[in-house]
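Some notes on the structure that comes next.
The values are calculated or read from the model by the stated rules, or taken from the named source; none is laboratory data. Keep in mind the model is a prediction, meaning the values are calculated, not measured. Cβ placement follows ideal geometry from the backbone for every residue including glycine, while neighbour counts extend to all protein chains displayed. Just so you know, the surface numbers come from the protein's heavy atoms only, side chains and all, with ligands and any DNA or RNA stripped out. Shrake-Rupley method; radii C 1.70, N 1.55, O 1.52, S 1.80 Å.
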Amino acid sequence: MCHDPRKGCRDYQTTRRGLSRRGFLGSSAGLLSALAVPSWLPKVALAAEGPGDRDVLVSIFLRGGADGLTLCVPHAEDNYYRLRPTLAIPRPDASSPDRALDLDGRFGLPPAMTPLLEAFRGGDLAIVHACGMAASNRSHFDSMHFMEVGQGNPPASLFTGWLARHLATTAPATEGAVLRGLGLGFGLPRTLVGAPQTLPIEDPAGFDFLGDPGSLADRRAALETMYRDLDNPLGKSAGHTFDTIELLKRIDFAGYQPAGGASYPEDEFGEALRSTAALIRAQVGVEAITIDLGGWDTHEVQGSLDGQLALLMSSFARGLAAFHQDLEGSSVSNVSTVAMSEFGRNVFENGSAGTDHGYGGILFALGPNVQGGRVVTDWPGLDDDQLFENQDVRITADVRDVLSEALTKRLGNADVRNVFADPTFTPRDWGIFT
């Protein structure tokens, strides 16, 4: 099982930085674009401007199975308190200082998620409850795979991610863009596997060749000579990587100044969102960015109020709130953010003061084009006869419903059948995006 309580399962972590020769050769294909030296805040002049009405999609994966019953508390359910006698967040009318913050008379936020209350009340945050994929089976790896590919029990021939298929079946939002997709991490998440002009980059500020700086120019020149002019996929991959290095060097990530008084938390998630904001505000043509936040596999000593889970929720909420404040303060209106997890947690707390793998979970949709201020759900209830397999929240909203809405309404892709190639799936419009 998992268990550095600060980091969660080892499978969800990445630690390497920079660009090795293997990473360089494994990058996806791209074309050289004419880049102008940017001013602060840098805007990179690309070959030509494309459609300006698409949103950039920021997709956050809460790896490990986030406990939706704590991230959005069903405080009107007596059974929530019966089934979780020590882990439940107190009702909003309780005398405890750790009581939930009421959202709509039925659901509330835990204290650690307070930073998101302003976005919720301002109508920019919607929380989708009892959400997931019916094929989920309480296996981290199966359930993550299903969600990232966008199909339950997919055939072995389907290895591309749903977001990759979106990018592959739509023209670039900005003609000549060097970088359309970015996975902020060492390895490319399945969601983006197969996407054009897409790379995994853990630290955009340090995306360069590893090794002695004194020999950097010579090593780069040698690689350019070897690969730049090859008329095959490897040559295109090399060209794309060189161009991306040059593109990112033109953005002053270290000197980036958040707008609106936003202050990002000084942790990996906060830094990832800060880099994301810098990329978006630099207007370099990026259309999709993915971020992982791991550690949600809380089998032991969950700590909903002052432990492992509370720390994770605080990092998540403070980071997202700063990101929202930053973009709002800079009048950026074409960004939509979704955050999801592979499944929820068991309704019952276990004997180790934690919760085991569950079924129905939660999704957050954030941005100026979200019809928020709502907990969106066909709530199934927590009575014994309402639970899935007598132990879990039932799924009443498919994650792909929300993603399909984002695709059709905000990302300019009306053909979701090419993205979610599942004959059993028919998207439902929940009215989450304008």
Taking a ≥ b ≥ c as the square roots of the eigenvalues of the Cα gyration tensor, with a/c under 1.5 meaning rounded and otherwise prolate when a/b exceeds b/c and oblate if not, the stretch 302-400 is oblate
Under the 0.36 nm per residue contour assumption, what length would be gained going from the current alpha-carbon distance of ARG82 and ALA221 to full extension? 43.4 nm
Charge sum, other residues only, whose C-beta stays under 12 Å from VAL193's C-beta, Lys/Arg counted +1 and Asp/Glu -1: +1
Under 5 Å, built H, 5+ apart or other chain: amide partners of PHE388: VAL393, ARG394
Would you tally the net charge around ASN79, using a Cβ to Cβ cut-off of less than 14 Å, leaving ASN79 out, and scoring K and R as +1, D and E as -1? -2
Using the Karplus equation 6.51 cos²θ - 1.76 cosθ + 1.60 (θ = phi - 60°), what ³J(HN,Hα) coupling, rounded to whole Hz, does each residue of the stretch 244-252 give in order, writing x for Gly and Pro? 5, 4, 5, 4, 5, 5, 7, 9, 7
I'd like the carbon and sulfur percentage of the solvent accessible area for the stretch 91-236, probe radius 1.4 Å, heavy atoms only, ligands and nucleic acids excluded. 54
For a quick check: with amide H placed at 1.01 Å from N, whose amide H comes under 5 Å from ASP203's, ignoring anything fewer than 5 positions away on the same chain? GLY18
For the stretch 134-230: rounded, prolate or oblate by the Cα gyration tensor [a/c cutoff 1.5]: prolate
Ranking request for peptides 197-204, 390-397: highest mean number of other beta-carbon atoms within 10 Å first, then the rest in descending order. 197-204, 390-397
Net charge near LEU109, counting Lys/Arg +1 and Asp/Glu -1 over other residues with Cβ under 14 Å of its Cβ? +1
Amide H contacts under 5 Å for GLY354, placed H, 5+ residues apart: VAL301, GLN302
Gain upon complete extension [THR434, LEU311; 0.36 nm per residue less C-alpha separation]: 41.0 nm
Pairwise Cα inverse-distance average, inverted: Kirkwood Rh of the stretch 52-202 (Å): 18.3
Residue by residue through the stretch 263-273, what is 3J(HN,Hα) from phi via Karplus (6.51 cos²θ - 1.76 cosθ + 1.60, θ = phi - 60°)? Round to whole Hz and write x for glycine and proline. 9, 7, x, 8, 9, 4, 5, x, 5, 5, 5
Points 7 angstrom from Cα along the Cβ direction at ASP53 and SER333: gap in nanometres? 1.3
Quick check for you: with a 1.4 Å probe and neighbouring chains kept, what is the accessible area per residue of the stretch 355-434, in Å²? 38
Rg(Cα)/(2.2 N^0.38 Å) for the stretch 229-344, N = residue count: 1.32
Given charges at Cβ of Lys, Arg, Asp, Glu: the stretch 241-366 dipole, positive-most of ALA254, PHE269, GLY351: ALA254
Phi to ³J(HN,Hα) by Karplus 6.51 cos²θ - 1.76 cosθ + 1.60 over the stretch 419-434, Hz, x for Gly, Pro: 8, 10, 7, 10, x, 8, 9, 10, x, 10, 8, 8, x, 7, 10, 6
Would you mind working out the accessible area per residue for the stretch 192-341, using a 1.4 Å probe, and quoting it in Å²? 38
